[in-house]
Amino acid sequence: MEWRRGALPDWSKWTASALMFVALFFNGFIMSRALRPGYLISMLCFVTAWRVAAMNDVTLLEQVCFVTFLVMIMQFVEIVICHWKKNGIFGFIEALMWQLAVTRIYFGMNEIGHATEKVFAGQVSYENLVHIFTVLGTPMPGIAVISGGVIEFALAFGVGCGFLTRLSAMGGIIYFLVATVGFGGEWMHGYSWVGGGWEYIALLIVFYGSLFFTGAGQFSLDAWLIERGFMPKMLLRFCCPQSAVKHFVRKLPNNCVKNME
């Protein structure tokens with residue numbers, strides 16, 4: 001896979017191609033039939049592929065991804081407008097729902113940058129991180145890099161797409177604490193993130209902690225699955241508080257895009 005500047009090396013050409021295919025499939029085919037799974041999963045895969053291109057300086061693919069990202073932002077705005085039109089007024093609760101959705105998606109997708117460099121971006125990126133982990137004295141650095149990448153991608157999926165959200169949030173808190181207390185040492189370097197401190201880690205922990213108490217909200221895979229009875233009852237406690245389940249019967253409008261829900 002050659003591009004105007006640079007090329008995707010070794011396995012990154014396959015991961016980027018597969019991710020772009022999945023993103024196009026979910027956005028172009030699934031989204032018209034199931035809005036939330038289609039949009040959220042396509043966003044996850046697309047942003048990951050974009051990150052792979054950026055890390056390998058593949059200019060043309062980066063430019064295509066940037067334009068595609070603008071289109072996906074417009075899709076999201078259309079979804080919000082359709083919800084507003086259906087409800088007649090954009091009340092306080094609806095505003096909070098979309099605020100949670102935007103913030104959750106951002107914090108979830110933020111983990112893609114860390115996961116990509118570990119497992120998707122190619123051999124050079126992987127070996128560089130193995131070297132860094134070795135210098136830090138991390139046991140079995142190769143396994144640690146791959147394990148960290150898998151966990152971070154799982155967090156991007158769980159938090160960003162809102163799947164088993166409470167479980168994902170708690171898992172993220174545990175992961176951040178283990179990574180920073182056991183290996184990174186951020187808690188010993190003061191507050192400022194510029195000096196390698198715990199500012200950024202604390203921000204993540206506070207948000208993930210709040211998500212554990214609220215769940216992902218309506219614009220999530222959890223809500224979509226619960227509304228249709230696809231989520232096993234034994235897993236509901238890992239999605240959201242019991243008091244939140246009743247709110248998921250309110251659906252996004254079907255008339256915005258044919259059968260979009």
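Things worth noting here:
- Where helices (runs of 4 or more DSSP H) sit wholly within region 1-117, those with at least 1 residues that are polar (S, T, N, Q), at pLDDT 90 or above and surrounded by fewer than 16 Cβ atoms within 10 Å (Cβ to Cβ) occupy 12-25, 59-87.
- Failed item in (1) modelled with pLDDT of 95 or more; (2) touching a helix residue (DSSP H, G or I) at 6+ places or on another chain (Cβ under 7 Å), with ALA154 passing the rest: (2)
- Near pairs, Cβ below 7 angstrom, 6+ apart or cross-chain, from region 126-149 (on the phi < 0 side of the Ramachandran plot) to any residue that is in a helix (DSSP H, G or I) and aromatic (Phe, Trp, Tyr): LEU136/PHE183; THR138/PHE183; PRO141/PHE133; ALA144/PHE133; VAL145/TYR126; VAL145/PHE133
- Residue within region 156-172 that is more than 23 Å from ILE105 (Cα to Cα), in contact (Cβ under 8 Å) with a residue 12 or more places away in the chain and surrounded by 18 or more Cβ atoms within 10 Å (Cβ to Cβ) present: no
- Answer residue from region 174-222, given it is without any contact (Cβ under 8 Å) to a residue 60 or more places away in the chain and among the β-branched types (Val, Ile, Thr) and is surrounded by the fewest Cβ atoms within 10 Å (Cβ to Cβ) among those: VAL194
- When THR116, THR134, THR165 are checked against the criterion of being among the polar types (S, T, N, Q) and farther than 23 Å from MET55 by Cα, THR165 stands alone in meeting it.
The values are calculated or read from the model by the stated rules, or taken from the named source; none is laboratory data. As the structure is a prediction and not an experimental result, all values here were calculated from the model. Cβ sites come from the backbone with ideal geometry, for glycine too, and all protein chains shown count toward neighbours.
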